[in-house]
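Q: Can you read through this structure? Questions will come right after.
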Amino acid sequence: MKNILTKVRKNILNLAPYSTARDEYQGTFGVYLDANESPYENGFNRYPDPYQKVLKQRVSQIKNIDVRNIFIGNGSDEPIDLAYRVFCEPGIDNVVAISPSYGMYKVAAEINNVECREVRLEDDFSLDADKLLSEVDNNTKIIFLCSPNNPTGNSLCIKEIDKIIDNFEGVVILDEAYIDFSKEQSYLTKLADCDNLIVLQTLSKAWGMAGLRLGLAFASEQLIEIFTRVKYPYNINTLTQVTVLKQLDVDISAQISEIISQREWLVEQMMQIDIIKKITPSDANFLLIKVERATELYIDLIQAGIIVRDRSRVVGCADSLRISVGTPEENVKLIQILRDARR
Ligand SMILES: *Cc1c(COP(=O)(O)O)cnc(C)c1O
């Protein structure tokens, strides 16, 4: 086992967190005159539970993970930013991330004045663990991996991910935002054996709750305790906690199956369209396609009322568009327009 606490910044290890009124009195009955709230009930006059206990219990059931291994954040962006603040000394430490990948790892690095070393994936967007590990030095605190990856859609090879987790002394953050659409298993099952692993998931994609802003981080009890100390005390508002709890009872399995079958249908259709030169195999709810003159096609699609993401200026993604899987009707419309697009 790795003693990951040695990688935490000293000021964070020594931090005495803000103590909320609800930390001092934990009962549930009585007249609350302890938090300077308004006494007039309207459904949200009270501060929310800073530890999201009820919500965590539900997530614990769904994911089959102990509540002590769960951190709930304001989107995935919150645990990403917190990881920098917990582990990285600004101007001194660095992180290593795969490229192309999700833009927030780099933006959060810049905000925190931490160097982000980007390691190119291979031409087929696969991961070479040895190449990535060769960028690590004594000041590397975090490695960011994303599987299935965004904007490419492919899953990274388990053998390579394992090699990185086994051979790196710092923290590996594995972003599984799209895991619900993947044929690969989540790393949640390996959490107990890897105390330097943080798995990120989100309710923004398969669960359909992007507007509620709820990200999940799963890690050892020690790491979750430190993240909880550093976060804003009331990071998840009452309306989000209540609404998410209700929405988590919705069975999304049929929606996920439909998105996966629609993704496969889109691939079959796209393979017959000349202007599409390459379709990256996707384990996510989107496809990265390489076309002739991507930016022109992007504009044609907008004129037809379909908005996709032009990723042409992203490393390794020249002339590429990233297209989310829509409803069957939306996908038919997309294919019609791609078929008729000017050559
Ligand atoms: C969409 C996405 C997220 C989710 O971000 P939220 O802040 O939870 O909405 C995280 N990681 C990746 C790679 C994504 O594509």
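Q: For residues that are among the hydrophobic types (A, V, I, L, M, F, W, C) and within 11 Å of the ligand (Cβ to nearest atom), tally how many sit in the stretch 191-208.
A: Going through the stretch 191-208 one residue at a time, the tally reaches 4.
Q: Also, I was wondering about something else. Can you find a residue that is assigned to a loop (DSSP other than H, G, I, E, B) and in contact with a strand residue (DSSP E or B) (Cβ under 6 Å, 6 or more places away or on another chain) anywhere in the stretch 10-20?
A: no
Q: Can I ask one more? Yes or no: the stretch 284-292 includes at least one residue that is within 30 Å of Ser60 (Cβ to Cβ), touching a Ser or Thr at 6+ places or on another chain (Cβ under 9 Å) and part of a loop (DSSP other than H, G, I, E, B).
A: yes
Q: Taking into account only those residues within the stretch 75-91 that are open to solvent by less than 40 Å² (accessible area, probe 1.4 Å) and either small (Gly, Ala, Ser) or over 25 Å from Asp175 (Cβ atoms) (or both), which is farthest from the ligand (Cβ to nearest atom)?
A: By that ranking, first place goes to Ala83.
Q: Residues of the stretch 280-303 being buried (at least 17 other Cβ atoms within 10 Å of the Cβ) and under 20 Å from Asp123 (Cα atoms), which ones?
A: Scanning the stretch 280-303 gives Thr280, Ser282, Asp283, Ala284, Phe286, Leu287, Leu288, Ile289, Lys290, Val291, Ala294.
Q: Specify the residue that is farthest from the chain's Cα centre (by Cα); the eligible residues are those in the stretch 262-274 that are among the hydrophobic types (A, V, I, L, M, F, W, C) and part of a loop (DSSP other than H, G, I, E, B).
A: Ile273
Q: Can you tell me which residue is farthest from the ligand (Cβ to nearest atom) among those in the stretch 58-74 that are crowded, with 18+ Cβ neighbours inside 10 Å and in a loop (DSSP other than H, G, I, E, B)?
A: If we take residues in the stretch 58-74 being crowded, with 18+ Cβ neighbours inside 10 Å and in a loop (DSSP other than H, G, I, E, B), then Ile65 is farthest from the ligand (Cβ to nearest atom).
Q: Out of (1) away from the ligand (no atom under 16 Å from the Cβ); (2) touching a Cys at 6+ places or on another chain (Cβ under 7 Å); (3) over 15 Å from Gly170 (Cβ atoms), the odd one out for Pro100 is which?
A: It fails just one condition, (1).
Matching residues to (1) farther than 18 Å from Tyr102 by Cα; (2) hydrophobic (A, V, I, L, M, F, W, C); (3) within 11 Å of the ligand (Cβ to nearest atom):
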residue: Glu176; (1), (2), (3): no, no, yes
residue: Thr189; (1), (2), (3): yes, no, no
residue: Leu212; (1), (2), (3): yes, yes, yes
residue: Phe218; (1), (2), (3): yes, yes, no
residue: Thr228; (1), (2), (3): yes, no, no
residue: Tyr232; (1), (2), (3): yes, no, no
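Q: Which of (1) open to solvent by 40 Å² or more (accessible area, probe 1.4 Å); (2) within 27 Å of the chain's Cα centre (by Cα) does Leu33 not meet, given it meets every other one?
A: Among (1) open to solvent by 40 Å² or more (accessible area, probe 1.4 Å); (2) within 27 Å of the chain's Cα centre (by Cα), Leu33 violates only (2).
Q: All but one of (1) buried (at least 21 other Cβ atoms within 10 Å of the Cβ); (2) touching a strand residue (DSSP E or B) at 6+ places or on another chain (Cβ under 8 Å); (3) touching a residue at least 40 places away in the same chain (Cβ under 8 Å) hold for Ser204; state the number of the condition that does not hold.
A: Against the list (1) buried (at least 21 other Cβ atoms within 10 Å of the Cβ); (2) touching a strand residue (DSSP E or B) at 6+ places or on another chain (Cβ under 8 Å); (3) touching a residue at least 40 places away in the same chain (Cβ under 8 Å), Ser204 comes up short only on (1).
Here's the yes/no breakdown for (1) surrounded by fewer than 17 Cβ atoms within 10 Å (Cβ to Cβ); (2) assigned to a helix (DSSP H, G or I); (3) basic (Lys, Arg); (4) in contact with a helix residue (DSSP H, G or I) (Cβ under 7 Å, 6 or more places away or on another chain):
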| position | (1), (2), (3), (4) |
| --- | --- |
| Asn235 | no, no, no, yes |
| Val242 | yes, yes, no, no |
| Ser257 | yes, yes, no, no |
| Ile260 | no, yes, no, yes |
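Q: Where in the stretch 83-187 are there strands (runs of 3 or more DSSP E), lying fully within it, with 2 or more residues that are under 14 Å from the mean Cα position of the chain (by Cα), under 20 Å from Val199 (Cα atoms) and free of Cβ contacts under 8 Å to residues at least 40 places away in the same chain?
A: Fully inside the stretch 83-187 and qualifying: 171-175.
The values are calculated or read from the model by the stated rules, or taken from the named source; none is laboratory data. Note that the structure is a prediction, hence the values are computed from the model and not measured. Counting neighbours? That spans all protein chains shown, and the Cβs are built from the backbone with ideal geometry, glycine included. Heavy atoms of the whole protein, side chains included, go into the accessibility calculation; ligands, DNA and RNA do not. Shrake-Rupley method; radii C 1.70, N 1.55, O 1.52, S 1.80 Å.
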